[in-house]
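What follows is a single structure, written as structure tokens, with notes after it.
The values are calculated or read from the model by the stated rules, or taken from the named source; none is laboratory data. Source: prediction; values computed, not measured. Cβ coordinates were reconstructed from backbone atoms using ideal geometry, including for glycine residues, and neighbour counts include every protein chain displayed. Only protein heavy atoms, including side chains, enter the accessible area calculation; ligands, DNA and RNA are left aside. Shrake-Rupley method; radii C 1.70, N 1.55, O 1.52, S 1.80 Å.
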Amino acid sequence: MADHSSVFPRNFRKDYPVAVRGEGCWIISADGRRFLDAAGQAAVINIGHGVAEIGRAMAEQSTQLAFAHTSQFHSAPAEKLAARLLQLAPPNFHNGGRVYFTSGGSEATETAIKLARQFHLETDQPQRYGVISRRQSYHGSTLGAMSVSGNLARRAPYQPLVPEWGHVAPCFPYHSATDLQDQAYGLACANDLEKVLHGPSGPSSAAFIFEPVVGATLGAAVPSDSYVARIAEICRENKILLIADEIMSGMGRTGKPFSIQYWNVEPDLILVGKGIASGYAPLGAVLVSARVAQAFERGSGAFHHGFTYQAHPVSTTAGNAVLDYLAAHQLFEHVNAISKTLRADLAPLLAHPHVGDIRGLGLLIGVEFVKDKKSREPFPLEQNIAERIRQATLDENVLTYPAQGCVDGLRGDHILLAPPFILSAEESARIAAALQSALVRVFPG
Ligand SMILES: Cc1ncc(COP(=O)(O)O)c(C=O)c1O
């Protein structure tokens, strides 16, 4: 770590180049090096870096009105963005839905946990407060968000600080421990939620939160088709809210506005962050379905929650400008086309004895590395394979997102690819080539 830095780093043992410019799918550092951003930083950069019109819209808004506190005012950009997000959402958000804006994903998760709790107070079920989640999941780094996260490594140091409301099985077909076929496996995973709800914590449960397509922790794991519909049914039958965390998978990353739309399910709350403003401003949101919003409206009328910077006029202006850009360049459609190109470019990697799986939806793609392809046995944790692949692709000037723990929370190595939607065919080929050469270097001979 450079000893002249005053910024508290993520890791004191690491050197961080200074990023000075972004152009499309590329980030340029102070020493002139150009990096191809194959992970969109962390699935954030949807429209690409350096789009001047986003910056211009934000500058214009900040000269007119940079800030107005939401206890006193609403603002036009927040109103406009809320209406547009609700239109993109499933039908139960259309007439009477609302949007609660935050400054990022973790705040959206916190907000959802409190919305779920207060919803039950508003609807005469005061015994309900716990939010059930899944193992191998991530919903944010604040304490409430960590309590529903299942990512063991990120949770471990803070274990004494976080309440436990119950974690159920993920739906992760590649590492299914059973002989069940795909659809039966999906139902069995979903029924794990029912088991918990029929147990001692059932009556106090307020909601179930999940990533429809699990981003960082499982490396873009897509559930079996039977899974999501059954989860929704169980939530309905047991009178708990269904929260779809689309902070990574939403805003077009999988080729639809929200990944849950692949299964035609209507959750009660949808969380977004990351790509909503494509990195141009810190922004997140909770989309609140009409049924939940009306419970507050008809009930006490006030949500006991708030952040100074919620619904920030400049951040929501960035969100509107990003949506304009997505529409003008038909980028949701481009995700579907270019993701096919990227998957085709990556497919030859599967011939390698240590590439176990390539999975995902749209431009949220995971590549998993296994010790033994037949048994799908992972590498020992200490071999640090995902990090070594990241380093080797970085040597090729390609940025990827490494993670460990997909198999059991600790073991299992994968990298996540989540490039900007504007990815070109040439850039796609370059990502695949960097991974090919990383494999040669990490697994010589
Ligand atoms: C699925 C999911 N939920 C929540 C979060 C937390 O978002 P943030 O880092 O913006 O607080 C993340 C971040 O990686 C995420 O991937």
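Worth a mention:
- Checked against (1) within 16 Å of the ligand (Cβ to nearest atom); (2) out of contact with any strand residue (DSSP E or B) (no Cβ under 7 Å at 6 or more places or on another chain); (3) within 21 Å of P126 (Cα to Cα), F208 passes all but a single condition, namely (2).
- Scanning region 65-76 for residues that are among the polar types (S, T, N, Q) and under 12 Å from T317 (Cα atoms) yields one hit, S75.
- Residue check for F35: open to solvent by less than 50 Å² (accessible area, probe 1.4 Å) and either not charged (D, E, K, R) or not in a strand (DSSP E or B) (or both): yes
- Some residue of region 417-425 being part of a loop (DSSP other than H, G, I, E, B) and free of Cβ contacts under 8 Å to residues at least 24 places away in the same chain: no
- Lone qualifier among P90, P170 - being in contact (Cβ under 8 Å) with a residue 40 or more places away in the chain, open to solvent by less than 30 Å² (accessible area, probe 1.4 Å) and within 16 Å of the ligand (Cβ to nearest atom): P170
- Selection within region 372-383 - closer than 16 Å to L218 by Cα and either in a loop (DSSP other than H, G, I, E, B) or touching a residue at least 60 places away in the same chain (Cβ under 8 Å) (or both): R376, P378, F379
- The residues of region 117-132 include none that are in a loop (DSSP other than H, G, I, E, B) and within 16 Å of the ligand (Cβ to nearest atom).
- Of everything listed in (1) open to solvent by less than 10 Å² (accessible area, probe 1.4 Å); (2) closer than 18 Å to S176 by Cα, the single unmet condition for F208 is (2).
- Where helices (runs of 4 or more DSSP H) sit wholly within region 245-353, those with at least 2 residues that are within 16 Å of the ligand (Cβ to nearest atom) and crowded, with 19+ Cβ neighbours inside 10 Å occupy 313-328.
- Flag if P77 is in contact with a Pro (Cβ under 6 Å, 6 or more places away or on another chain), away from the ligand (no atom under 15 Å from the Cβ), at pLDDT 95 or above and open to solvent by less than 20 Å² (accessible area, probe 1.4 Å): yes
- If the condition is being under 22 Å from A351 (Cβ atoms), among the aliphatic types (A, V, I, L, M) and open to solvent by 10 Å² or more (accessible area, probe 1.4 Å), then region 408-431 contributes A425, A429.
- Residue in region 155-162 that is small (G, A, S), in contact with a helix residue (DSSP H, G or I) (Cβ under 7 Å, 6 or more places away or on another chain) and either free of Cβ contacts under 8 Å to residues at least 40 places away in the same chain or closer than 15 Å to S133 by Cβ (or both) present: no
- Any hit, region 43-52, residues being under 22 Å from the mean Cα position of the chain (by Cα), in a helix (DSSP H, G or I) and closer than 19 Å to G105 by Cα: yes
- Screening A281, A311, A277, A285 for residues that are over 18 Å from the mean Cα position of the chain (by Cα) and among the small types (G, A, S) leaves exactly one candidate, A311.
- Residues satisfying the stated conditions in region 93-114, i.e. buried (at least 16 other Cβ atoms within 10 Å of the Cβ) and more than 16 Å from the ligand (Cβ to nearest atom): F93, G97, R98, V99
- Which listed residue is touching a Leu at 6+ places or on another chain (Cβ under 9 Å) and either assigned to a loop (DSSP other than H, G, I, E, B) or over 17 Å from S249 (Cα atoms) (or both), from A229, A190, A216: A216
- Any hit, region 133-141, residues being within 13 Å of the ligand (Cβ to nearest atom), over 27 Å from S226 (Cβ atoms) and assigned to a loop (DSSP other than H, G, I, E, B): yes
- The single residue among I431, I422, I385 that is in contact with a Gly (Cβ under 6 Å, 6 or more places away or on another chain) and farther than 26 Å from D225 by Cβ turns out to be I422.
- Residues satisfying the stated conditions in region 43-74, i.e. open to solvent by less than 70 Å² (accessible area, probe 1.4 Å), farther than 27 Å from R98 by Cα and in contact with a helix residue (DSSP H, G or I) (Cβ under 7 Å, 6 or more places away or on another chain): V51
- A count restricted to region 77-116 and to residues that are in a helix (DSSP H, G or I) and farther than 12 Å from S315 by Cα stands at 24.
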